[in-house]
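Q: Dumping the structure here so I can ask a few things about it.
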């Protein structure tokens, strides 16, 4: 082989080798979080006097939001600056720690590795500036009241008994956060008496905004002289803002009174013939009816919020002409579904107060032949005259042989407080057999005096049936997904009370049926199904 040919062959092999595609070299991707290998002070160290904390990890790290997300208890009045040099994190505090105090520092997810952003796990450090280190603990669980689902990342706050502030107006000395199961634990606490609260703290100010954030409280003061477990709380919406009127003015041809928060009840004390109804949860709308434009009618009213706060006030109601169109009339039959069940009685719901009705314009027929009369003496109006119960039981007439009932409404069947009339309409109801629906029943095993068993629609979260029987049975349920919820009705008023922080009254206890096999509280039923849901409460 000639020298030129040898050079050509070597060149070709070199080029081929360079062009060959191969897998990149190196080990597996780093998915391990940084590990704390040492600290100054050491965990559990006593008599620590420095203003600097050093944390050494097994790899290079970075910090994220450490100044805002680190948890230091008891709460410090000073701040610190952070330095990171490869695998060492230094926290230098601007003022000394308090004497003879045990401190706990939780770093959460503030420290991560450089390569893949893996979060350091469970980095907690406790030390004391005195000769002893406190070691008492408090633990428990935080859940949402209505859903009973665990609250992840809720703040749990401990206040000393002598502290004049609480979760609504002050920042606590000791904080803990809940995990994904709603569990929390305070460590290294000194003995003493404490009050405990929890909140979802959406705005991150370490307090509860009662208008926009859920919060809860523990009724009893904790006497901490040993480790305490099972200190469980629920969080819920409890707006403690003082109830007040924010406006009272005409809108179009209406007059609206608006409040600063949701109201439960509105009543007029003075004997005035006025039509009104809720417009949303914070507003009451009045209707002119035949009142002369510009005339003022003085009324005394009282209004109640969810905490039982009552506002009693006086207002002058007046009306003015307006080009703004009046509200339309919306009319629905009750029940608001085509299938009739044995417990259903016929009713009507309108979007405006009903001033009068014309019984001759309401015709009820069975299979287009038999006319069923209505007895106006049995009619019942709700407080705002927006709903009527006629007292007519649909199942007294619907049968397998006569499966269809039709309500024909002529024009003017209802006259509203706007002096306008309803339009022609037709509402149909059909006979439903039990096998076309589902049944959910069971036993509530409890020693509580009064309970409410609630059938809750899983999609809308609305309560659609209730029972106060320990052996309950909900029949004629449309196929779908449901929850069974039990309320301990402590005051036997027939409704769920969500508590009152002013009076130190805890919300009424709630428990859901839970299927341990499928690990769900959801109950799904189909036609001709019967499900059993027993609850130990």
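Q: For residue 324, only one of the following conditions fails: (1) surrounded by 12 or more Cβ atoms within 10 Å (Cβ to Cβ); (2) touching a residue at least 60 places away in the same chain (Cβ under 8 Å). What is its number?
A: With (1) surrounded by 12 or more Cβ atoms within 10 Å (Cβ to Cβ); (2) touching a residue at least 60 places away in the same chain (Cβ under 8 Å) applied to residue 324, the lone miss is (1).
Q: Right, next: Looking only at region 318-337, count how many residues are under 18 Å from residue 285 (Cβ atoms) and either in a strand (DSSP E or B) or touching a helix residue (DSSP H, G or I) at 6+ places or on another chain (Cβ under 9 Å) (or both).
A: Result for region 318-337: 2.
Q: Could you grab me the full set of residues in region 349-366 that are outside any helix (DSSP H, G or I) and over 31 Å from the mean Cα position of the chain (by Cα)?
A: Residues of region 349-366 that are outside any helix (DSSP H, G or I), as a first pass: 349-358, 362-366.
Answer for region 349-366, where residues must be outside any helix (DSSP H, G or I) and over 31 Å from the mean Cα position of the chain (by Cα): 353, 354, 355, 356, 357, 358, 362, 363, 364, 365, 366.
Q: Could you tell me whether residue 385 is within 19 Å of residue 413 (Cα to Cα), part of a loop (DSSP other than H, G, I, E, B), outside the structural domain of residue 257 (by TED's automatic domain parsing) and at pLDDT 95 or above? Break it down stepwise before answering.
A: Numbers: within 19 Å of residue 413 (Cα to Cα): yes; part of a loop (DSSP other than H, G, I, E, B): yes; outside the structural domain of residue 257 (by TED's automatic domain parsing): yes; at pLDDT 95 or above: yes.
In short, yes.
Q: Could you tell me whether residue 230 is more than 16 Å from residue 314 (Cα to Cα) and in the same structural domain as residue 156 (by TED's automatic domain parsing)?
A: yes
Q: Could you count how many residues in region 180-199 are in contact with a strand residue (DSSP E or B) (Cβ under 6 Å, 6 or more places away or on another chain), closer than 16 Å to residue 234 by Cα and part of a loop (DSSP other than H, G, I, E, B)?
A: Of the residues in region 180-199, 2 are in contact with a strand residue (DSSP E or B) (Cβ under 6 Å, 6 or more places away or on another chain), closer than 16 Å to residue 234 by Cα and part of a loop (DSSP other than H, G, I, E, B).
Q: What number of residues in region 26-85 are outside any loop (DSSP other than H, G, I, E, B) and either assigned by TED's automatic domain parsing to the domain that holds residue 170 or in contact with a strand residue (DSSP E or B) (Cβ under 9 Å, 6 or more places away or on another chain) (or both)?
A: Residues in region 26-85 being outside any loop (DSSP other than H, G, I, E, B) and either assigned by TED's automatic domain parsing to the domain that holds residue 170 or in contact with a strand residue (DSSP E or B) (Cβ under 9 Å, 6 or more places away or on another chain) (or both): 25 in total.
Q: Still on this structure, I have one more. Only one of these is in contact with a strand residue (DSSP E or B) (Cβ under 6 Å, 6 or more places away or on another chain), closer than 30 Å to residue 455 by Cα and either touching a residue at least 60 places away in the same chain (Cβ under 8 Å) or buried (at least 17 other Cβ atoms within 10 Å of the Cβ) (or both): 154, 120, 176. Name it.
A: Working: 120 fails: closer than 30 Å to residue 455 by Cα; 176 fails: closer than 30 Å to residue 455 by Cα.
Result: 154 is the single residue among 154, 120, 176 that is in contact with a strand residue (DSSP E or B) (Cβ under 6 Å, 6 or more places away or on another chain), closer than 30 Å to residue 455 by Cα and either touching a residue at least 60 places away in the same chain (Cβ under 8 Å) or buried (at least 17 other Cβ atoms within 10 Å of the Cβ) (or both).
Q: Quick check on region 485-498. Is at least one of its residues out of contact with any strand residue (DSSP E or B) (no Cβ under 9 Å at 6 or more places or on another chain) and in a strand (DSSP E or B)?
A: Taking every residue of region 485-498 in turn, none turns out to be out of contact with any strand residue (DSSP E or B) (no Cβ under 9 Å at 6 or more places or on another chain) and in a strand (DSSP E or B).
Q: In region 47-96, which residues are touching a residue at least 60 places away in the same chain (Cβ under 8 Å) and surrounded by 14 or more Cβ atoms within 10 Å (Cβ to Cβ)?
A: 48, 53, 55, 57, 71, 73, 74
Q: Among the residues of region 131-144, are any within 20 Å of the chain's Cα centre (by Cα) and in a loop (DSSP other than H, G, I, E, B)?
A: Within region 131-144 (the criterion being within 20 Å of the chain's Cα centre (by Cα) and in a loop (DSSP other than H, G, I, E, B)), the answer is no, since none of the residues qualifies.
Q: Do you know which residues across region 200-217 are touching a strand residue (DSSP E or B) at 6+ places or on another chain (Cβ under 8 Å), part of a loop (DSSP other than H, G, I, E, B) and crowded, with 18+ Cβ neighbours inside 10 Å?
A: 200, 201, 207, 208, 213, 214
Q: For region 285-316, name all the residues that are at pLDDT below 90, buried (at least 16 other Cβ atoms within 10 Å of the Cβ) and in contact with a strand residue (DSSP E or B) (Cβ under 8 Å, 6 or more places away or on another chain).
A: 307, the sole residue that qualifies.
Q: Here's something else I'd like to know. Out of (1) modelled with pLDDT under 95; (2) under 30 Å from residue 220 (Cβ atoms); (3) surrounded by 13 or more Cβ atoms within 10 Å (Cβ to Cβ), the odd one out for residue 432 is which?
A: So residue 432 meets the others, but not (2).
Q: Residues being in contact (Cβ under 8 Å) with a residue 40 or more places away in the chain, under 16 Å from residue 524 (Cβ atoms) and not in a loop (DSSP other than H, G, I, E, B): count how many of those fall in region 461-480.
A: Total satisfying the criteria: 2.
Q: Select from region 497-511 the residues that are closer than 27 Å to residue 524 by Cβ and surrounded by 19 or more Cβ atoms within 10 Å (Cβ to Cβ) and list them in ascending order.
A: 510
Q: Tally time: how many residues in region 408-432 are more than 21 Å from residue 276 (Cα to Cα) and part of a strand (DSSP E or B)?
A: 9
Q: Go through region 147-170 and report how many residues are within 17 Å of the chain's Cα centre (by Cα) and at pLDDT 90 or above.
A: Within region 147-170, residues that are within 17 Å of the chain's Cα centre (by Cα) and at pLDDT 90 or above number 8.
The values are calculated or read from the model by the stated rules, or taken from the named source; none is laboratory data. What you see is a predicted model, and the numbers here were worked out from it, not measured in a lab. Note that we place each Cβ from the backbone using ideal geometry, even for glycine, and neighbour counts take in every protein chain shown.
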